[in-house]
Amino acid sequence: MSDPEKPDLKNGIAVSNIPDGGKLVGTVDGEDVLLIRSRNQFFAVGAYCTHYHGPLVDGLVVNEEVRCPWHHACFSLRTGEALRAPALDSIECWRVEQAGEKIFVKERAAPAAYASTSPAVQPSSVVIIGGGAAGLAAADMFRREGYGGLLTMISADSAPPVDRPNLSKDFLAGAAPADWIPLRPPEWYSERKINLVLNSRAISLDSKQKRIRTEDGKTYEYETLLLATGAEPVKLPLQGSTSSQIFYLRSFSDSQNIIAKTSSAKQVVVVGASFIGLEVAASLRARGVIVHVVAPSRVPMEKILGAQVGAFVRSLHESHGVVFHLGETVSHVDGDMVTLTGGQSIRADFIVLGVGVRPSSGLAEQAGLKMDRGIVVNEFLETSALGVFAAGDAARWPDPYTRERIRVEHWVVAERQGQTAAKNMLGMRQKFEAVPFFWSQHYDVQINYVGHAENWDTIEVDGDIEKRDCSVSYKRDGRTLAVATISRDLKSLAAELEMESSIKRQ
Ligand SMILES: Cc1cc2nc3c(=O)[nH]c(=O)nc-3n(C[C@H](O)[C@H](O)[C@H](O)COP(=O)(O)OP(=O)(O)OC[C@H]3O[C@@H](n4cnc5c(N)ncnc54)[C@H](O)[C@@H]3O)c2cc1C
Ligand code: FES
């Protein structure tokens, strides 16, 4: 059925209806199509992002690209290719014809053709350690770039790569079914001849012999290796607790275990008031569970987002019934009673610990790679060992915007690093220069964050945080290091673009 509100683009539309840089959603054979005019050329592409179906009409057009407003994926307007994660699949394109003062959208164009030639470097075998964001995005890129050799992905997880951010959000809240969680179906791996080895932990790396050994005694030879081992939750011993009471959240099965436990739970204690803890709190509230959040900080997320946004996040959760116990932590547990350092006792059916993560870098340390609170990589994501690259939560890289060596725990960064590492493992020598981006979801409020600010001297708020319409800039010595936004997606995209331009100007 065609939408009467949207013009049928096959019947043509007046050029004057779309100013340069303008966008318009119409239909073609009942399908929503986005018509874009950029630098006086017209492009017709799929109207929705292939990541989470974000409306590209609300995104930013940059030359021949469109960027998604929700999580900053980027697509080529000419070919539809997903140029930047988190989208991995291309959008469709249609042929456009101008006749006089009218633009007509014609037939669908052939899908984006990826590398038609083989890469300059064809390693005899590639091994990726880690089946997460960076690992999957790298495997995808190897095949996109036309690498035809042996490709093995070894993962300690029991499940193929999953949409990890969803595990604390819609899936945990009961709003997303389990079949949305795998990033790719099983046949995707077999069709691309990706040898996915699950339940397998790599325990030794011999970077001279170029050999990996896994816990079950198997060995894998590689010519080039990607360490995409991510991070693991910090374990906090709680005096008096039993292992059956304590839950962490990193993997698909962790999230499923919490859901299974929730079915009979009335009240839960969450330890930690940062992203994971608070997203878990929101999701458990959606399931009707009473949630107490215990954390030593006085203001949630203050270290990352500052006191004002932190206070807003607290009031948002309180308005949904979350009870905070800030400035204290758990003293001990006795049966189902959790006693806090302030003396109060709370009954809890179980406890979720979200007290941070540490990089999973034991393998790299054992191999003698250069370390600095994570695996040290250069701008090409190469480690100190020849032919060994690292990407994602485990890697610390030289960030060109802050001019600091940083390590972050962001989904989009991990995927983009995986993609760049794969290209460089095929000899392309691309610097990793993407501006860090993350998002966090609390009920119906999404916070987007671009850049990276570990400390700042000024916070500037434009708009109204309480009204959920704001952009918050974190500055040091007058320079904007990061920008957090609520309901201002275009501002977030513009801030990212400005930081990219600043990198190019350096
Ligand atoms: C519940 C949750 C919600 C999140 N929400 C957001 C969000 O909203 N926005 C955001 O930006 N980020 C979010 N993140 C962070 C984001 O998921 C991570 O930054 C991202 O997954 C990092 O990707 P990675 O590939 O480096 O590591 P991971 O995705 O953690 O993958 C690491 C992989 O390596 C494997 N591995 C580790 N060691 C070994 C070994 N020795 N041998 C074999 N395999 C090994 C692991 O089993 C795993 O498969 C969230 C994280 C979690 C846990
Ligand atoms: S919906 Fe477009 S990037 Fe997520």
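Structural remarks
- Selected from 277, 174, 225, residue furthest toward positive end of dipole (the stretch 147-292; charges at beta carbon): 277
- Shape of the stretch 213-268, Cα gyration tensor, a/c cut at 1.5: prolate
- Between residue 89 and residue 431, the modelled labels are 3.5 nm apart [label points 7 Å from Cα along Cα→Cβ].
- Hypothetical label at residue 378: residues of the stretch 122-147 whose amide nitrogen lies under 20 Å (7 Å Cα-Cβ projection): 122-123
- Packing here is the average count of other Cβ atoms within 10 Å per residue, and on that basis the peptides 136-145, 255-264, highest first, run 136-145, 255-264.
- Isolated cysteines of the chain, defined as having no other cysteine beta carbon under 4.7 Å away, are 74, 93, 470.
- The protection proxy used here, the mean number of other Cβ atoms lying within 10 Å of each residue, ranks peptides 497-503, 389-395, 163-169 as follows, highest first: 389-395, 163-169, 497-503.
- Split the accessible area of the stretch 268-354 by element, probe 1.4 Å, and carbon with sulfur accounts for 52%.
- The residues 370, 491, sorted by heavy-atom accessible surface at 1.4 Å with ligands and nucleic acids left out, run 370, 491 from largest to smallest.
- Solvent-accessible area of the stretch 1-107 (1.4 angstrom probe, protein heavy atoms only): carbon and sulfur portion equals 46 percent.
- Cα gyration tensor shape for the stretch 1-68, rounded if a/c is under 1.5, else prolate or oblate: oblate
- Beta bridges per DSSP, both residues in the chain: antiparallel share near 70 percent.
- Accessible surface area normalised per residue over the chain is 42 Å², counting heavy atoms of protein chains with a 1.4 Å rolling probe.
- Cleavage-rule hits (chymotrypsin sites (Phe, Trp or Tyr not before Pro)) in the stretch 1-78: DSSP loop, at most 14 neighbouring Cβ within 10 angstrom: none
- Proximal charge balance of residue 422 [Cβ under 10 Å; K/R count +1, D/E count -1]: +1
- The stretch 1-42-the stretch 418-495 distance, computed between alpha-carbon centres (Å): 31 Å
- Per-atom-type breakdown for the stretch 382-426 gives carbon and sulfur 47% of the accessible area (1.4 Å probe, protein chains only).
- Selection from 484, 252, 189 lying farthest towards where the dipole of the chain points positive, charges on Cβ: 189
- Loop-located trypsin sites (Lys or Arg not before Pro) in the stretch 444-484, at most 10 other Cβ atoms within 10 Å (DSSP): 467
The values are calculated or read from the model by the stated rules, or taken from the named source; none is laboratory data. Note that this is a predicted model, so its numbers are computed, not measured. All Cβ positions, even for glycine, are placed from backbone atoms using ideal geometry, and neighbour counts span all protein chains on display. The accessibility values were calculated without ligands, DNA or RNA, using every heavy atom of the protein model including side chains. Shrake-Rupley method; radii C 1.70, N 1.55, O 1.52, S 1.80 Å.
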